[in-house]
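The values are calculated or read from the model by the stated rules, or taken from the named source; none is laboratory data. Please read these numbers as outputs of a predicted model, since none were measured by experiment. Here the Cβ positions follow ideal geometry from the backbone for every residue, glycine too, while neighbour counts run over all protein chains shown. Calculation scope for accessible area: heavy atoms of the full protein, side chains included, ligands and nucleic acids excluded. Shrake-Rupley method; radii C 1.70, N 1.55, O 1.52, S 1.80 Å.
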Amino acid sequence: MKHYDITIIGAGPAGSTLARTLGEKYRVLLVDKRPLDKEPSKLIKNCGGLIAPDAQKALATFGLSIPKDVLVSPQMFSVESIDFDNDMVRTYQRHYINVNRECYDRWLYSLCEKSCEQLFSTRYRNVNKVDGKYQLTLLKNGEHIEVSTDIIVGADGANSKIKKELIGKEEHEPKRYISIQEWFPNRTNVNQFVAIFDKEISDFYSWIIPEDDGIIFGSAVEEGKSAQKYHDLQKEKLKEYGYDLTNPTKKEGCHLLRPLSSKDICFGEGSVALIGEASGLVSPTSAEGISYAMLSGDALGRAILEDKENFLELYERNAKYLKKNIDSKMRKYPIMYNQTIRKMVFKLGLGAIEVNGK
Ligand SMILES: Cc1cc2nc3c(=O)[nH]c(=O)nc-3n(C[C@H](O)[C@H](O)[C@H](O)COP(=O)(O)OP(=O)(O)OC[C@H]3O[C@@H](n4cnc5c(N)ncnc54)[C@H](O)[C@@H]3O)c2cc1C
């Protein structure tokens, strides 16, 4: 049985960043069910593909710049906020880098390709602890592969099997949403990010993102409600604002987490670490998660490089600021999600810009 110092389950922004930070000092295995070494299949990450200012800053601190074949059109400088609850619209200046998410993940993976071993199109199945080491069972093309490892990292996203099996139910868990995204032809020339607040649909928000010749419409509905029903209702209501969301060309759905306090974040236990969305790190106000994924992957990598035996304590220290960041976002929460406060902010035009004199 092959042995690794560190096995990372999930090669999204969190897992690939960890592998890149670790470099060549240890024997590292990176596992993903996606075929990241071949042509993209249907197994792609459901995401809006917006690289928000926090993620741009993270890339800058890593000394990385996004290559042009990862970008999609248009690059956006504003977000239009539609408030159905107060029947108001405002535009704010924001700079997002618009990327093809599958290409972005493949680019991040290319940066660690040479320093670790990879098993793609491979699912993590289960784990046993034998003589202080973890023995993992992986499944590739119907065949079982057994490996052993000192450290296991769950970088396996919102439905982390590593968290479920090795950490168990925590006292505090992020709130869960079902997110549906659909792709449409861009018939009305949408050229900015649109955020939609409507408490009839969800206590979070919905969005429209232009991507090359099309637009993505996405919603996040509380788990337990009929996500499809409310997603469709929001599309119907958006007609009134001139959006044509008919005849989708593609549809995807997945879970989305929303921590409502830093207590909802779990970095791991013993020799098991969690990074990215598996740890619960996602913005509670915007669902932006790429920055948290990359920054937590890097924080864990630096901790393991400093002291592999006591890495968890060091990781928690390195990543404490990310927990604080969740709490500071929660302090801004009422401005975006309290109907009365939002009405006041919109009415006063705080931070808003005029578009074409309106
Ligand atoms: C609809 C939607 C839109 C979003 N839009 C944005 C956005 O525009 N900008 C932004 O910053 N954030 C966005 N987010 C959040 C962002 O996508 C996540 O926070 C981010 O992808 C987390 O990165 P990660 O590496 O932790 O996990 P993921 O990107 O989810 O990666 C997890 C990886 O683990 C693999 N995996 C899972 N289970 C297994 C298994 N059993 N065996 C092997 N491999 C496994 C998966 O294939 C995947 O590659 C969005 C989220 C959703 C749901």
Segment 122-127 - phi-based ³J(HN,Hα) in whole Hz, Karplus 6.51/-1.76/1.60, Gly and Pro as x: 10, 9, 6, 9, 7, 9
Loop trypsin sites (Lys or Arg not before Pro), segment 69-171, which have at most 10 other Cβ atoms in a 10 Å radius of their Cβ (DSSP): Lys114, Lys169
Scattering profile of segment 309-358 at q = 0.14, 0.24, 0.26 Å⁻¹ [log10 I(q)/I(0), Debye over alpha-carbon scatterers]: -0.58, -0.89, -0.94
Where labels lie 7 Å past Cα in the beta-carbon direction, separation of Ile353 and His172 in nm: 3.6
Additional length obtainable on full extension of the chain from Ser41 to Gln56, 0.36 nm per residue less Cα span: 2.7 nm
Evaluated over segment 2-348, the Cα radius of gyration and Dmax, each in Å: 20.3, 64
Mean separation of Cα contacts under 8 Å (6+ apart) over length of the chain, as relative contact order %: 21
Rounded to 5, percent antiparallel among DSSP beta bridges of the chain: 70
Nearby lysines by direct alpha-carbon distance to Lys263 (threshold 16 angstrom, same-chain neighbours under 8 apart not counted): Lys163, Lys169, Lys175, Lys320, Lys323, Lys324, Lys329
Simple spin-label estimate for Glu24 and Asn191 in nanometres, 7 Å along Cα-Cβ: 4.8
Rounded to whole Å, sorted largest first: equivalent-ellipsoid semi-axes of segment 1-88, Cα gyration tensor: 34, 17, 14
³J(HN,Hα), Karplus 6.51/-1.76/1.60, whole Hz, each residue of segment 25-36, x for Gly, Pro: 5, 10, 7, 10, 10, 10, 10, 8, 6, 7, x, 5
Cα-Cα over 28 Å, subset of Lys38/Lys308; Lys57/Lys332; Lys25/Lys129; Lys235/Lys358: Lys38/Lys308
Computed accessible area, Glu240, all protein chains, 1.4 angstrom probe, square angstrom: 130
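What length, rounded to one decimal in nm, is gained on full extension from Asn86 through to Met344, with 0.36 nm per residue of separation minus their alpha-carbon distance?
Gain on extension, Asn86 to Met344, equals 91.9 nm.
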Along principal axes, Cα extents of segment 42-132, largest first, whole Å: 61, 33, 29
Amide hydrogen neighbours beyond the local backbone of Glu288, cut-off 5 Å, H modeled: Ser283
